[in-house]
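Engineer: This is the structure, below, for whatever I ask next.
Only the coordinates and a few stated rules stand behind these numbers; no lab work does. These numbers were taken from a predicted model, which means no experiment stands behind them. When we count neighbours, we look across all protein chains shown, and the Cβ atoms used for this are built from the backbone with ideal geometry, even at glycine.
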Amino acid sequence: MVTSIRWWWRQPDHFEWLSAFLHVRRMATMTRGVVVAVTSCLAAVPFVVLLGSAPPASPLQRTLSVLAGLGGLAGAALWLHHFPTKNQSIVFSVTASFSIACAVLAQSDPLTAMLGCTTFASISGYIALFHTPALMVANLLVVIAVTAVPAVALVGSDGYVRTVSAYAVVLIGNVAVPYGVQIIVHTLGVDLLKADRDPLTGLYNRRAFLRRAGALAATNREGSLLIAMIDLDRFKRLNDTHGHSHGDRALAAVGRALRDHAPRGSVIGRAGGEEFLVAVDLGDADPRAVGHGLRRAIEVLPFATTASVGTTCVPIAEIPAGDGAHDVITELIAAADAAMYEAKRNGGNQTRHHGRPTARQARTSSHRTWSSTSQRWEALPSPRPNDLRYRRRDSERFASW
């Protein structure tokens, strides 16, 4: 029992991977809308009570009612324009808990106050969803203390049995909801998320990326499919200098930057280590512009690393439907990887484009490369099948796709 509690207490928060998961699934905006709507509705209740037939009696209670409403509106404002950061989310949690406490203590009728305590379950569930067990326990202590105030007043009018029953209902709700949420989130993190997602960045893993890229090609048979391979420059030095936790933050930031700057509808994955993959339905877009945009998005991040980007593309009409797409997309990844390594050999923080006129000419086509340093096209020889360097990389990195 003690071991289980210690394991639970040491669990990290879920904010980074869960928020990344919501962004990748295109559910972040909907989540924001739900939080803003629920918080705003709860914030309106104290103001409505002030205008009702039985408003708070004392000046202190009226002040607490106003503070409750203003705190709720401030919490809603944190979610109104963008998805909050982890620290902002913690502020939201504390503000919401404080506002509910003020609203409860502002009530003259102890039974109404006990009813108001049930709304603690909403913020308890939110904390369990995103944050650490320590914050969950701190919020539970607030619930216990605040609910005790109307419970003491209720004893005189309703007796011990009714009071204890009401108190127990409030506490059970504020224990069952968050701990039930914790179980679901833990299961999601261990099973569902790890099946298709990289837990650090929330991006697709290699297997899921390949499947999703094939689905992207199947949805629109016009235009071209671009594959970009992105490798962070000097990332090992960053890890060695600042530690692996700093490196993890850099990887998570790169994942967010790619989500924010990749063209709409892109499939984004983490290939492993410091390598990322992006699949784009180009339409009429310039593949060079896409590669440059991704490189610049990483360059401006506040970390001591840049990115080498290799891109390649093929007409979607030449990608066979069904299982045949697997082989073509694998070849595209290998071609983008070769272009990326050419950019890295030329100093990094550059973009190279591996030109491939048709999918069937993948292994024999000549190609050219765009240098972001000289701002001109340069010749780039195709990877040689007998080159040990490429054979080794192919066997290590692409055989598993």
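Engineer: In degrees, nearest 10, range 0 to 90: what is the angle between the Cα axis of helix 28-50 and the longest Cα principal axis of the chain?
Structural biologist: Taking Cα atoms only, the helix is inclined about 20 degrees.
Engineer: How far, in degrees from 0 to 90, does helix 86-105 lean away from the longest principal axis of the Cα atoms of the chain, to the nearest 10?
Structural biologist: Tilt relative to the chain: about 20 degrees.
Engineer: Please check the chain for the longest run free of trypsin sites (Lys or Arg not before Pro) that are loop-located per DSSP (anything but H, G, I, E, B) and have at most 16 other Cβ atoms within 10 Å.
Structural biologist: 27-220
Engineer: I'd like the distance between the alpha-carbon centres of segment 135-180 and segment 200-268, rounded to an integer number of Å.
Structural biologist: Distance between centres, Cα-based: 46 Å.
Engineer: Add +1 for every Lys or Arg and -1 for every Asp or Glu among the other residues with Cβ under 15 Å from the Cβ of Ala285, and state the total.
Structural biologist: -2
Engineer: Now, a different point. Listing Val34, Val280 from the residue with the fewest other Cβ atoms within 10 Å to the one with the most, what is the order?
Structural biologist: Val34, Val280
Engineer: A further question on this structure: R0 = 45 Å: FRET efficiency of Ala195 with Leu115, Cβ-based, nearest 0.05?
Structural biologist: The calculated FRET efficiency here is 0.60.
Engineer: What distance in nm separates the two pseudo spin-label positions at Ala57 and Asp260, each 7 Å out from Cα along the beta-carbon direction?
Structural biologist: Label at Ala57, label at Asp260, 5.3 nm between them.
Engineer: When a footprinting reagent is the concern and you count Cβ atoms within 10 Å, what order do Leu294, Leu258 take, fewest first?
Structural biologist: By the 10 Å Cβ count, ascending, the order reads Leu258, Leu294.
Engineer: If you take the Cα atoms of the chain, find Rg, then find the Kirkwood Rh from the mean of 1/r over all pairs, what is Rg/Rh?
Structural biologist: Ratio value, two decimals: 1.13.
Engineer: Can you list the residues of segment 78-96 with backbone N under 18 Å from a point 7 Å past the Cα of Ala37, pointing along Cα to Cβ?
Structural biologist: Counting backbone N atoms under 18 Å from the label point, the list is 78-83.
Engineer: Related question: For Trp8 and Ile183 in the same chain, what is the full-extension length gain: residue separation times 0.36 nm, less their Cα-Cα distance, in nm?
Structural biologist: This chain segment gains 61.9 nm when fully extended.
Engineer: For segment 2-196, divide the Cα radius of gyration by the Kirkwood radius and give the resulting Rg/Rh value with two decimals.
Structural biologist: 1.01
Engineer: Extending each Cα 7 Å along its Cβ direction at Val137 and Ala74, get the distance between those two points in nm, one decimal.
Structural biologist: With each label placed 7 Å out from Cα toward Cβ, I get 2.7 nm.
Engineer: Among Leu73, Leu78, Leu60, rank each residue by its count of other Cβ atoms within 10 Å, from fewest to most, as a rough exposure measure.
Structural biologist: Fewest-to-most Cβ neighbours within 10 Å comes out as Leu60, Leu73, Leu78.
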